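Participant: Below is a structure I'd like to ask you about.
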């Protein structure tokens, strides 16, 4: 598919910058506070069979290992050869391979958890196909953890679309954020049941989650990041956060 190939070429062109920026202490601090909040007190099997589609540099593997305390039987795939090779170098024992999510076939493999971080908006024209394919890889009762760019008002939709058109870290032809109701509808019509959802795309996210795209916003140190992220937590589960968040973190269950 032409749009998938265009997105693959675009991502290959920015892969090194994307990977390197995600190591900045401010990014790591806001990510830690978000995922610790979301995953604490959630129960998972041990060992846990995990699939990370569109895995990048296997960020989901690192998150689940750190914040669930479970042993992982991990599989990941991505269409970026650069990031797949990086993930293999970082952890030679991890099962990571080159694969396009729109043509993925699970075969006889089944997983307890799928974790997909910022992936669906890169294949927004094919999301039902992708979610259906991934659903077949989950065991009954399995969880689908999804973190996606979203908006829940017309102003934020306009701002994001303008950023995608003007910032060369994005490809406006092949990616776009989801309206929140649209994203939730995607999972529900594919048979998933919502278990938990938070709205972490607030001030600390805007300033620090995408330092590759917005380096001018990456100001201050980790003390400021943690303070702002702590304030943001007050709005993770209420209507204010839902309305103003630029991202949504959800856990869906396959019946």
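FYI, it's all coordinate maths here, none of it is from the lab. Treat the numbers as computed from the prediction; the structure is a model and nothing was measured. Here the Cβ is made from the backbone with ideal geometry for all residues, glycine too, and neighbour counts use every protein chain on show.
Participant: Strictly greater than 26 Å: what percent of every Cα pair in the chain meets that?
Facilitator: 37
Participant: Rank these for me by crowding, 55, 234, going from fewest to most other beta carbons within 10 Å.
Facilitator: With the sparsest Cβ surroundings first, the list reads 234, 55.
Participant: Run lengths n ≥ 4 of DSSP H only: what is the helix-derived mean residue ellipticity at 222 nm for the chain, with -39500 (n - 2.57) per run over all residues, to the nearest 500?
Facilitator: Taking each H run of at least 4 residues, the total per residue is -13000 deg cm²/dmol.
Participant: Given 0.36 nm per residue, what is the gain on full extension from residue 91 to residue 67 after removing their alpha carbon distance, in nm?
Facilitator: 6.8 nm
Participant: In nm², what is the average projected area of the convex hull enclosing the Cα atoms of the stretch 206-255?
Facilitator: Hull-based average projected area comes out at 5.0 nm².
Participant: While we're looking at this one, here's another question. Determine, for each peptide in 61-72, 25-36, the mean count of other beta carbons within 10 angstrom over its residues, then list the peptides with the highest first.
Facilitator: Packing proxy ranking, top to bottom: 25-36, 61-72.
Participant: With a 10 Å cut-off between alpha carbons and a GNM built on the chain, which of 141, 220, 191 moves the most?
Facilitator: 220
Participant: Of all DSSP beta bridges located in the chain, what percent are antiparallel, nearest 5? Don't skip to the end; give the middle numbers.
Facilitator: Numbers: 12 of 32 bridges.
Of the beta bridges lying entirely in the chain, close to 40 percent run antiparallel.
Participant: Suppose each label sits 7 Å from its Cα in the direction of the beta carbon; what would the residue 216-residue 46 distance come out to in nanometres?
Facilitator: The answer from the label model is 4.8 nm.
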